[in-house]
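Novice: First the structure, then my questions, so here it is.
Just so it is clear, none of the values below were taken in a lab; they were calculated from the coordinates. None of these values were measured; they are calculated from a predicted model. Don't worry about glycine lacking a Cβ; one is built from the backbone with ideal geometry, like all the others, and counts go over all protein chains shown.
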Amino acid sequence: MNRIQIKSLATYLSLVGINDDTLSQFIDDIFNELGMSGMVKLFKIDIVPLTAGTQDYNFPADALQLVSAFYNSDQIHLADNRDLEAYSKAWRTSTGDPKVITQDEQSAREYTIFPIPSSTSDPVIPIHGEPFGEDFPDNAFTLLYSDNRQDDIPDIYIIPVALESIGREFDYPSDHTDTEFAESCHSIAGVLFKLIGV
Amino acid sequence: MTRQIGPIVEILMQRVRQSGGLAVSENQAVSIYSLCEQITNLSTKRVTESSTVTIPKEKLIFPFRVLLPNAIGIKRITESGREILRARSINDLSSYDIGWFRSISGTRFESWTQIGFDLLVLYPGSAAATTVDIEYVKLLTHHTDFAASYNIDSELPSEDVEIALSLAEIILLKRFRLLTTIKSKFTELKKLLLQRGIKI
């Protein structure tokens, strides 16, 4: 299932001429909000190649919220600068195996790893077709995050997201604003989200 | 006793019929009804399937919908008849073993957890390929063609069909802005769900 199917159902249920662009925007907003709030149930895992001496990296383009990070087998702590200060007075310059990931002093799409990686990750060569199995590279850095996918969304999201997007569309100031109808859509969408465990 | 999709959808169409109003197409009705069946089953978790899955060596994390395309939630995992304990989240695994992510120690799995609707973790990784039996909540079929699905049995137990039917009715009534009717139907739905122990 993809977002176009959600939009198609929302258009069908809303009956009146709905604004195509705002509806698409509302659907994107709903997935973003669910992902950022940790309520979304769509996750991805990626291996990030590290370069020795480089500590700043970008999140994957579709990442919304970092859930966890791993260096080799160890789960990496998410921390801020105060934590890092407590960890080591020389935290800004120390090198070694990554222990901490932080977004302090970075923009939303970037993160920094401490200590500064002393080893470059081996390349992922999926000889057995199992990058997370037998082919898992040495010195690998792995990110687990909620993602902002367009496709491969389970069908169970179609109706709740369609109703929530209709609610927002009819809340929005326009020639078809209808707050009572919008409120009813929000309320049913909320129940459906509860039923699917969001 | 099972019920067939066609007659259920006909009941749905009778319930939402509005004199002088726009008709709901049969294909739209069957599509919305079967999406409601999926949501109903995810909340009741009553339609399940089991499958034996091969776990490659040294692999702990799996995209489970690739392994089990009809799965939407994992209920139970057994290895040679022994039930593997479920961890509530990866934080539980982390509290137990900070190096759980690549822990390849064993000959038997100790724990599993599901991460959202995508990933399954089986801990610790096995040193050799092995198999486990997975019981999962089934993502029911999404029917979109009324004629083709008419004589197909609904996968829901007959006592749960009314929940899906009520949900579909409420959603289709939205189209006609019958907000007072929706409100009373919603109260009925809440009662139905409460009878199944589902509080909303």
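Novice: Going through B:Ser149, B:Ser111 one at a time, which residue ends up being more than 9 Å from chain A (Cβ to nearest Cβ) and free of Cβ contacts under 8 Å to residues at least 60 places away in the same chain?
Specialist: Selected residue: B:Ser111, the only one of B:Ser149, B:Ser111 that is more than 9 Å from chain A (Cβ to nearest Cβ) and free of Cβ contacts under 8 Å to residues at least 60 places away in the same chain.
Novice: Something else now. Can you pull out the strands (runs of 3 or more DSSP E) entirely within the stretch A:81-198 that have at least 3 residues that are in contact with a strand residue (DSSP E or B) (Cβ under 8 Å, 6 or more places away or on another chain) and closer than 30 Å to B:Ala127 by Cβ?
Specialist: Counting at least 3 such residues, we get A:141-147.
Novice: Related question: In the stretch A:123-172, which residues are among the small types (Gly, Ala, Ser) and more than 28 Å from B:Leu35 (Cβ to Cβ)?
Specialist: A:Gly129, A:Gly133, A:Ala140
Novice: Right, here's the next one. Taking into account only those residues within the stretch A:153-185 that are free of Cβ contacts under 8 Å to residues at least 40 places away in the same chain and either surrounded by fewer than 17 Cβ atoms within 10 Å (Cβ to Cβ) or of a type in the set (Val, Ile, Thr) (or both), which is farthest from the other protein chains (Cβ to nearest Cβ)?
Specialist: A:Pro173
Novice: Would you confirm whether any residue within the stretch B:78-88 is in contact with an Asp or Glu (Cβ under 6 Å, 6 or more places away or on another chain) and more than 30 Å from A:Pro137 (Cβ to Cβ)?
Specialist: Checked against the condition, which is being in contact with an Asp or Glu (Cβ under 6 Å, 6 or more places away or on another chain) and more than 30 Å from A:Pro137 (Cβ to Cβ), the stretch B:78-88 yields at least one hit.
Novice: So which residues in the stretch B:120-150 are among the aliphatic types (A, V, I, L, M) and closer than 30 Å to B:Cys36 by Cβ?
Specialist: B:Leu120, B:Ile134, B:Val137, B:Leu139, B:Leu140, B:Ala147, B:Ala148
Novice: Here is a follow-up. Confirm whether B:Leu85 is surrounded by fewer than 20 Cβ atoms within 10 Å (Cβ to Cβ), more than 10 Å from chain A (Cβ to nearest Cβ) and farther than 14 Å from B:Ile134 by Cβ.
Specialist: Criteria met by B:Leu85.
Novice: Also, I was wondering about something else. If I ask for residues that are closer than 28 Å to A:Arg3 by Cβ and in contact with a His (Cβ under 8 Å, 6 or more places away or on another chain), which ones from the stretch A:126-162 would you list?
Specialist: Listed by number, the list holds a single entry, A:Asp155.
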